[in-house]
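**Q** Quick one: the structure is below, questions incoming.
The values are calculated or read from the model by the stated rules, or taken from the named source; none is laboratory data. Only a predicted model underlies this, so the values are computations on that prediction, with no experimental measurement involved. Quick reminder, even Gly has a Cβ in these numbers, built from the backbone with ideal geometry, and neighbours come from all protein chains shown.
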Amino acid sequence: MADRSSLIAQGWALLLGAACGYAAFAAGMPLPWMLGPMVGTTIAALFSAPIRGPEKLRPFVIPVIGVLLGSSVTAEILASALGWWPSLLVLIPFLVCAAVVSFHFYRRVAGYDPVTAYFCAMPGGLNDMLILGGAAGGQETRIALAHASRILIVVTFVVIFYSVALGVTATGRSAGWVRLDVLSWRDWLILGGCAILGARLGKIARLPAPQIVGPMILSGAAHVAALVTVPPPTLAVIVAQIVVGTVVGCRFVGSTARQVGRDILFAAISTALMIAVAVVFAFGLSAWTDIPVSQTFLGYSPGGLTEMSLLALAMEQDVTYVSALHIIRITMVIMAAAPIFALLRRR
């Protein structure tokens, strides 16, 4: 009975996500099929609506997004990768500054215990920081809430920042619709192989976010080699984005606005501080190199890999550049967070 109730709750969440996605699309919002469900289900969750995130669907749809991102890779983009070394060099001090600023806020202003404050402040992935923070004795609910809020706030802010400050907009309508019948059986075979094998190989190779990074790498290689010239069907991409947006919003299920209002406010302020640091570094890097601010800011924005890569695609920025920076950021944080915490705890 519990399983049936859970399935019904997930079904309602997906229906709400799809409806909000269509409303966002009709309103001309950027990245409507992910941002619409994300905002709609977040509001519903905070008002205790009977919904639940379809977490088990996420591993099946994330590879589709990875294949989509990989389809934007070209030989020209790969050739320009040698010029990214300044961005990678500046990434390290950026991560340190963002984490230190956020940690001091959580510790001194919010009053979190040191363990919880530390893992809330790390600009890494939600699942990774939740696992590491819980193992270290942190409050898992607050850590999860902090990172879920950060992703939601960053995506929303980036859309506003690009529109108001940089004058860059995208409605999601400009890209041509790729119909299901446009793909040949060979295209289906190659793209499907990139999704399935990429996710599997990414896990074997222990890549960060393997379900998206593995398919993205294989898809990029296939498109550069001209084995396939089309992206995944638009309908599949829309379904994937609805699921991703719905899952993010439903992470607030079980918490009411009254219960978590204070923690969400702290997460919002912490995210704003990290975004401010990202803006400073993005403008500084752009002044040093010839990379536009519209690109460097996306690369340094402390959002999720999937969300920021999709935003780069929607804003017609270099997806490979943005994805590469976020992959390296997540890898650095995962590898460094636990050892640095252990060192600090001993001291």
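**Q** Filter segment 246-296 down to the residues that are touching a Leu at 6+ places or on another chain (Cβ under 8 Å), of a type in the set (A, V, I, L, M, F, W, C) and within 24 Å of Phe161 (Cα to Cα) and list them by number.
**A** Val248, Ile264, Ala267, Ile291, Val293
**Q** Being part of a helix (DSSP H, G or I), more than 19 Å from the chain's Cα centre (by Cα) and not charged (D, E, K, R), is that true of even one residue in segment 236-256?
**A** No, segment 236-256 has no match at all.
**Q** Moving on to the next point. Just wondering, is there one or more residues in segment 298-314 that are buried (at least 22 other Cβ atoms within 10 Å of the Cβ), at pLDDT below 90, of a type in the set (Ser, Thr, Tyr) and part of a helix (DSSP H, G or I)?
**A** yes
**Q** Can you tell me which residue is surrounded by the fewest Cβ atoms within 10 Å (Cβ to Cβ) among those in segment 202-252 that are among the polar types (S, T, N, Q) and within 20 Å of Leu191 (Cα to Cα)?
**A** Here the residue is Thr229.
**Q** Only one of these is in contact with a Phe, Trp or Tyr (Cβ under 6 Å, 6 or more places away or on another chain), hydrophobic (A, V, I, L, M, F, W, C) and over 30 Å from Glu140 (Cα atoms): Ile196, Ile238. Name it.
**A** Among Ile196, Ile238, only Ile238 is in contact with a Phe, Trp or Tyr (Cβ under 6 Å, 6 or more places away or on another chain), hydrophobic (A, V, I, L, M, F, W, C) and over 30 Å from Glu140 (Cα atoms).
**Q** If you check Ala24 against the conditions, is it crowded, with 22+ Cβ neighbours inside 10 Å and free of Cβ contacts under 8 Å to residues at least 24 places away in the same chain?
**A** Judged against the criteria, Ala24 is a match.
**Q** Look through segment 283-297, keep the residues that are among the aliphatic types (A, V, I, L, M) and in contact (Cβ under 8 Å) with a residue 40 or more places away in the chain, and return whichever of them is surrounded by the most Cβ atoms within 10 Å (Cβ to Cβ).
**A** Leu285
**Q** Mind checking which helices (runs of 4 or more DSSP H) fall wholly inside segment 1-96 and carry at least 2 residues that are more than 24 Å from Trp177 (Cα to Cα)?
**A** Result: 2-26, 32-46, 75-79.
**Q** Somewhere in segment 278-289, is a residue assigned to a loop (DSSP other than H, G, I, E, B), more than 17 Å from the chain's Cα centre (by Cα), on the phi < 0 side of the Ramachandran plot and at pLDDT below 90?
**A** Yes - at least one qualifying residue is present in segment 278-289.
**Q** Among the residues of segment 116-160, which ones are surrounded by fewer than 20 Cβ atoms within 10 Å (Cβ to Cβ), hydrophobic (A, V, I, L, M, F, W, C) and closer than 18 Å to Val333 by Cβ?
**A** Leu126, Ile131, Ala135, Ala136
**Q** Tell me whether segment 185-206 contains one or more residues that are of a type outside the set (Asp, Glu), at pLDDT 90 or above, over 22 Å from Arg329 (Cα atoms) and not in a helix (DSSP H, G or I).
**A** no
**Q** Taking the condition of being of a type outside the set (A, V, I, L, M), over 9 Å from Gly299 (Cα atoms) and touching a residue at least 60 places away in the same chain (Cβ under 8 Å), how many residues in segment 319-344 meet it?
**A** Total meeting the criteria: 4.
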